[in-house]
Amino acid sequence: MGAQPDRGSVGIGKPGSKTRVVAVSSGKGGVGKSSVTANLGIALAGRGRTVGIIDADVWGFSIPRMIGATEPPQVLEDTLVPPVAHGVAVISMDYFVREDQAVIWRGPMLHKALEQFLNDVAWNDPDYLLIDMPPGTGDVAISMSQFLPRSQTIIVTTPQPTAQRVAARAGLMAEKVNQEIMGVVENMSWFTGDDGTRYELFGAGGGERLASELGVPLLARIPLVPALREGADEGKPVVVSAPDSEAAAAFETLADEVEKRRPRVRSHPELVIS
Ligand SMILES: Nc1ncnc2c1ncn2[C@@H]1O[C@H](COP(=O)(O)OP(=O)(O)O)[C@@H](O)[C@H]1O
Ligand SMILES: [Mg+2]
């Protein structure tokens, strides 16, 4: 086994913690938020970074299956040791709710569960903690901003204008709770046919427009590839199943950007003068 139940020396999100917290958000579901989180996590792990993922999409949890981390966490003393797959440690509501149970979380319960994901898990001071947020702007976003005032947010959108407008709300929410928006990822940007032609199935320019609206960079554009969905269904994200594909290359570009874009220094993020 070997894993020590080490929560880490400084709490994640506290001043002095070396862990960079990156939340992945979107306005609506189905735009590829979890796919981006999983592939980004594995790409960073591939560079020798230590990486954890909190699947905070408490109703639509999908990271354990997507990444193939299906073993539940182990309980050691009073900590949870998260399962690891492709070099990434994962915690998710998936491990704690039975398949035939409805998940009804009221605000305070949800808050408490997320706090436990952060504090009772042996994260062991990873270089990165990625948070797969639920879509939209609700209780979870507020709770997370309270626990993790120093986190950076990536907004995922698709190219069409409606998606971009909805995503803008998630961006404004991040700003409102004083979280730094690192940038935008546009997913399902194009499909490359057998003849090499790029087809922009969902239109074009949504990511670019959203980025300029929010005053942040467009970090990456990810193509639509069947291998991405197939990989996710089999616990092998595309950066693992097809590392030479153009989708994997796009995730490597994203990982480069994330590595480069360290958070702005804010010594007292809790002080907001408006
Ligand atoms: N670039 C892509 N190419 C092909 N399929 C994709 C792509 N991005 C996401 N998908 C698929 O679309 C569905 C929704 O993606 P997911 O990451 O679960 O979105 P979200 O977390 O935003 O709800 C999944 O089946 C996923 O495998
Ligand atoms: Mg998801």
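The values are calculated or read from the model by the stated rules, or taken from the named source; none is laboratory data. Only a predicted model underlies this, so the values are computations on that prediction, with no experimental measurement involved. When we count neighbours, we look across all protein chains shown, and the Cβ atoms used for this are built from the backbone with ideal geometry, even at glycine. All accessible areas refer to the heavy atoms of the entire protein, side chains included, with ligands and DNA or RNA removed. Shrake-Rupley method; radii C 1.70, N 1.55, O 1.52, S 1.80 Å.
Residues considered: PRO64, PRO108. Of these, the only one that is surrounded by fewer than 20 Cβ atoms within 10 Å (Cβ to Cβ) and either within 16 Å of ligand 2 (Cβ to nearest atom) or under 22 Å from ILE12 (Cα atoms) (or both) is PRO108. If you go through segment 151-164 and keep only what is at pLDDT 85 or above and either under 16 Å from ILE54 (Cα atoms) or more than 16 Å from ligand 2 (Cβ to nearest atom) (or both), you end up with SER151, GLN152, THR153, ILE154, PRO159, GLN160. On inspection, ALA242 qualifies as free of Cβ contacts under 8 Å to residues at least 40 places away in the same chain, surrounded by fewer than 21 Cβ atoms within 10 Å (Cβ to Cβ) and at negative phi. Screening TRP59 on (1) among the aromatic types (Phe, Trp, Tyr); (2) open to solvent by 60 Å² or more (accessible area, probe 1.4 Å); (3) over 23 Å from VAL156 (Cα atoms) shows it passes everything except condition (3). The selection criterion, being in contact (Cβ under 8 Å) with a residue 40 or more places away in the chain, away from ligand 2 (no atom under 16 Å from the Cβ), on the phi > 0 side of the Ramachandran plot and not polar (S, T, N, Q), does not hold for GLY171.
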